[in-house]
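A short worksheet on the structure shown next.
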Amino acid sequence: MIGVPQPSPYDISFRLAGIPIRISPMFWVITAVLGWNDGNLTEVAIWVVCVLFSVIVHEMGHGLTNKLFGRRPAIILHGMGGLCFSEGATLSSWKRILVLFNGPLAGFLVYLIIHNGLHGMKFSDPNVREFLTNLVFINLTWGLVNLIPIWPLDGGQIMGVVLQKVSSRRGLELTHGLSFVVSVLGAIYIYSRTNEVYLTMLLGMFAFNNFQMLQLMKHSHLTTDDSEEEWWKR
């Protein structure tokens, strides 16, 4: 399962719109590695800034929606991206779906603002072009990827909310089972078509995480006595 790094003396912490944000050192490391193309430090720095901005926008989409519904959100940026979690009253299914969807939606809005607002404009500075190109790519492509029905992506969590509404007993198991299948098929497809190692490994990690969850739930079923009178409520 994907873990969240514990606080360290090297974290950067601040608040935005009243929401606490903590950035783990591994966020900078992994983001810089992903942006390391030909060793151009200027391009790497631009990439890191673009990812930082885009991930915060995404997580603020989750966080502000949680806050709107009376919950207390907090955001962590770590090696695998970002995470928004919150405390407070349990949300209804439609509110949970709205919280999950508004992360990618915030990124899509950034994409639309740049794409439509700057359409046809010419920028002579290559760094400005690089900056805007990165923002368009990250907020559109990563937003679409995040909606793929694979847990723990937003799309996978939305699928989980829907399936648990359909079947309170088997919904979570179906969520991880379908996520496992989609992750495996996606990893095979991506690697066979593009030889993209990072994305293939990421999908492989998702497949492993969902397989682990399935094993945990299988063990839970084996150790549960279904002869209990109210087994169906679990």
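The values are calculated or read from the model by the stated rules, or taken from the named source; none is laboratory data. What you see is a predicted model, and the numbers here were worked out from it, not measured in a lab. All Cβ positions, even for glycine, are placed from backbone atoms using ideal geometry, and neighbour counts span all protein chains on display.
Being out of contact with any Cys (no Cβ under 6 Å at 6 or more places or on another chain), closer than 16 Å to H62 by Cβ, touching a residue at least 60 places away in the same chain (Cβ under 8 Å) and part of a helix (DSSP H, G or I) narrows it down to one of N102, N139, so name that one.
N139
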query = Just to be sure, is A74 part of a loop (DSSP other than H, G, I, E, B) and of a type in the set (G, A, S)?
reply = no
Within region 83-127, residues within 19 Å of the chain's Cα centre (by Cα) and of a type in the set (V, I, T) come out as I97, V99, V110
Residues of region 84-108 being among the aliphatic types (A, V, I, L, M) and in contact with a helix residue (DSSP H, G or I) (Cβ under 9 Å, 6 or more places away or on another chain), in sequence order, are L91, I97, L98, V99, L100, L105, A106
Screening G117, G88 for residues that are under 26 Å from R71 (Cβ atoms), at pLDDT below 95 and assigned by TED's automatic domain parsing to the domain that holds S54 leaves only G88
Checking E130, E173 in turn, the sole residue that is under 30 Å from N116 (Cβ atoms), in a helix (DSSP H, G or I) and modelled with pLDDT under 95 turns out to be E130
Open item on the list: Residue under question is F208, and the condition is that it be modelled with pLDDT of 90 or more, in a helix (DSSP H, G or I), hydrophobic (A, V, I, L, M, F, W, C) and surrounded by fewer than 16 Cβ atoms within 10 Å (Cβ to Cβ); does it hold?
Closed with: yes
By residue number, the members of region 68-83 that are surrounded by fewer than 23 Cβ atoms within 10 Å (Cβ to Cβ), touching an Asp or Glu at 6+ places or on another chain (Cβ under 9 Å), of a type outside the set (V, I, T) and at pLDDT 95 or above are R71, R72, A74
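Could you please find all residues in region 13-37 being over 19 Å from L132 (Cα atoms) and not aliphatic (A, V, I, L, M)?
S13, F14, R15, G18, P20, R22, S24, P25, F27, W28
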Residues in region 48-67: is at least one aromatic (F, W, Y) and either modelled with pLDDT under 95 or not in a helix (DSSP H, G or I) (or both)?
no
The one condition K122 fails out of (1) modelled with pLDDT of 90 or more; (2) surrounded by fewer than 13 Cβ atoms within 10 Å (Cβ to Cβ); (3) not in a helix (DSSP H, G or I) is (1)
When M159 is run through (1) outside the structural domain of Y198 (by TED's automatic domain parsing); (2) buried (at least 20 other Cβ atoms within 10 Å of the Cβ); (3) farther than 23 Å from I30 by Cα, the failure sits at (1)
Listed by first then second residue, the pairs whose first member lies in region 38-51 and is farther than 11 Å from W28 by Cα, whose partner is loosely packed, with under 13 Cβ neighbours inside 10 Å, with beta carbons under 7 Å and at least 6 positions apart or on separate chains, are T42/N127; E43/N37; I46/N127
Among residues of region 30-51 being aliphatic (A, V, I, L, M) and under 22 Å from A74 (Cβ atoms), the residue surrounded by the fewest Cβ atoms within 10 Å (Cβ to Cβ) is I30
Here is a check on your reading of the model: is S179 of a type in the set (G, A, S) and modelled with pLDDT of 95 or more?
yes
Those residues of region 142-154 which are surrounded by fewer than 22 Cβ atoms within 10 Å (Cβ to Cβ), in contact (Cβ under 8 Å) with a residue 24 or more places away in the chain and not in a loop (DSSP other than H, G, I, E, B) amount to W142, L144, N146
When every residue in region 3-24 that is of a type in the set (S, T, N, Q) and closer than 17 Å to E59 by Cβ is compared, the one surrounded by the fewest Cβ atoms within 10 Å (Cβ to Cβ) is S13
